[in-house]
Amino acid sequence: MSAKGAISTGFDSSPAMLDLASQRLGAAADLYLADLSKPLPFADGSFDDVVSSLVLHYLKDWSAPLAELRRVLKPGGRLILSVNHPTVSVITQPTEDYFAVRQYSEDYEFDGEPAVLTFWHRPLHAMISAFTSAGYRVATVSEPEPSPDTPHELLPPRILNGERTAFLSFIFFVLEAD
């Protein structure tokens, strides 16, 4: 999050992520331990823009977090966000219902350590409905291709193995606060 003319402001519910951010950003950012399921420690209309990258798809209920982010935005402010593309779970779990809001998990490896991440799938219409119900206008929807400069280790194995030449992984939105 950033207020015009101010240093950046960020928050996370994980102290470890805040430590990493502090190491990378130093004094260039004010960082807070905060949770989207609770009121944020900022006044109404504090920010011109809020960026939420790959957060909402971990949450079952988007209503309260979207309303709280809307509260801290100035009128006309923007919520810039990314989430898992709604087709991701359809590709990884083809027998599941695309139109259902449902939980699913996937196995990953981070720095050689196995991990299971749990997400909430939403069809596109449910995402848009959540945004508009929370007082946002959808200004942009984007499904960008990976950059040609993307390091190979960040690409899915199916791309590197030549099984596919493109993939949808994330969807990006710019929402304007009404």
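Here is how the numbers come out for the structure above:
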{"quantity": "J(HN,Hα) series, segment 119-134, from Karplus relation 6.51 cos²θ - 1.76 cosθ + 1.60, nearest Hz, glycine and proline x", "calculated": "10, 10, 7, 9, x, 3, 4, 6, 5, 4, 4, 4, 5, 5, 5, 8"}
{"quantity": "Cα→Cβ-extended label distance, 7 Å offset, between A100 and A27, nm", "calculated": "5.4"}
{"quantity": "Sequence-distant residues sharing a close amide H with S8 (under 5 Å, placed H)", "calculated": "D30"}
{"quantity": "GNM flexibility winner over the chain from A115, A67, A130 (Cα, springs under 10 Å)", "calculated": "A115"}
{"quantity": "Peptide ranges 122-128, 20-26 listed from the most packed, as the mean C-beta count within 10 angstrom indicates", "calculated": "122-128, 20-26"}
{"quantity": "Accessible surface of segment 1-134, 1.4 Å probe, proportion on carbon and sulfur as whole %", "calculated": "56"}
{"quantity": "The chain: antiparallel DSSP beta bridges as a percent of all, rounded to 5", "calculated": "70"}
{"quantity": "Nitroxide proxy distance, nm - points 7 Å out along Cα→Cβ at A126 and T140", "calculated": "2.7"}
{"quantity": "Distance between segment 26-88 and segment 95-139 - C-alpha centres, whole angstrom", "calculated": "16"}
{"quantity": "5 angstrom amide H check on V50, placed H, neighbours 5+ away", "calculated": "R78, L79, I80"}
{"quantity": "Accessible area (Å², per residue) of segment 48-178, counting only protein heavy atoms and a probe of 1.4 Å", "calculated": "58"}
{"quantity": "Residue-averaged [θ]222 nm for the chain, counting only DSSP H segments that reach four residues, each worth -39500 (n - 2.57)", "calculated": "-6000 deg cm²/dmol"}
{"quantity": "Most to least packed among 93-99, 9-15 [average Cβ atoms within 10 Å]", "calculated": "9-15, 93-99"}
{"quantity": "Percent RCO, i.e. relative contact order, over the chain, from Cα pairs under 8 Å lying at least 6 residues apart", "calculated": "21"}
{"quantity": "Computed magnitude of the charge dipole of the chain (debye, nearest 20; Cβ of K, R +1, Cβ of D, E -1)", "calculated": "620"}
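The values are calculated or read from the model by the stated rules, or taken from the named source; none is laboratory data. These figures come from a predicted structure and were not determined experimentally. Every residue, glycine as well, gets a Cβ built from its backbone with ideal geometry; the counts of neighbours run over all protein chains shown. Areas reflect the complete protein model, heavy atoms only, side chains present, ligands, DNA and RNA absent. Shrake-Rupley method; radii C 1.70, N 1.55, O 1.52, S 1.80 Å.
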